Amino acid sequence: MTYRSRFSALWLPFALLAFIPKHPLEVVMSPAEQQLRTLLVTYETSLNAGDAGRIEQLYAEDGVFMPAGFATASGRPAVRGAYDAVFTNIRIAIHFTVDELTVKGDVAYARTHSAGTATVVATGASGPEANRELFIFARGANGWKIARYMFNKAS
């Protein structure tokens, strides 16, 4: 092998490196996906703050909250009451991770899981909190809202 062919063989991999993007590839989200992820972050922040009033506004007028082990709350006033009851009894500090987000026209769903802690207000006892969640969203005149939400413990 000549000097020139060895040089070419060594040079080629370095030349190819010049064509690799300098920044990691970014996932391009649609405006709807961005809006839904923002809605989920707002929900998480409101949940952690114990802000039932803000959470109520994130739901559609006919929204439904289906917490594991508790009665279903249908409509914004009932949803607000359910969250008020939750926050009277526990404080939550969790983070949601989006596992799947699908948008189909004016309807979307997100499958998530969450982890963090829950603290019993009456005793101050705290422990781990982890769930899996399913959000169904509807887009209306006021943008994306939570239409249905349920969660349970992973087995």
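The values are calculated or read from the model by the stated rules, or taken from the named source; none is laboratory data. Since the model is a prediction, treat every value here as computed from it, not as a measurement. Glycine gets a Cβ as well: all are built from the backbone with ideal geometry, and neighbour counts include every protein chain shown. Ligands, DNA and RNA are excluded from the accessible area calculation, which covers all protein heavy atoms including side chains. Shrake-Rupley method; radii C 1.70, N 1.55, O 1.52, S 1.80 Å.
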_Unmet criterion (only one of (1) open to solvent by less than 40 Å² (accessible area, probe 1.4 Å); (2) of a type in the set (D, E, K, R); (3) outside any strand (DSSP E or B)) for Glu133_ = (3)
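What about Ala85, is it free of Cβ contacts under 8 Å to residues at least 60 places away in the same chain and farther than 22 Å from Glu61 by Cα?
Judged against the criteria, Ala85 is not a match.
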*Restricting attention to the stretch 29-78, which residues are crowded, with 17+ Cβ neighbours inside 10 Å, assigned to a helix (DSSP H, G or I) and among the hydroxyl-bearing types (Ser, Thr, Tyr)?*
Tyr43, Ser46
*Could you check how many residues of the stretch 79-104 are buried (at least 18 other Cβ atoms within 10 Å of the Cβ), within 25 Å of Ala122 (Cα to Cα) and not charged (D, E, K, R)?*
4
*For the stretch 105-126, what are the residues that are open to solvent by less than 70 Å² (accessible area, probe 1.4 Å), out of contact with any Leu (no Cβ under 8 Å at 6 or more places or on another chain) and under 21 Å from Asn152 (Cβ atoms)?*
Ser114, Ala115, Gly116, Thr117, Ala118, Thr119, Val120
*asked:* Quick check on the stretch 122-149: of everything there that is free of Cβ contacts under 8 Å to residues at least 40 places away in the same chain and among the small types (Gly, Ala, Ser), which residue is nearest to Val86 (Cα to Cα)?
replied: Ala122
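Scan the stretch 106-121 residue by residue and report those that are among the aliphatic types (A, V, I, L, M) and free of Cβ contacts under 8 Å to residues at least 60 places away in the same chain.
Val107, Ala115, Ala118, Val120, Val121
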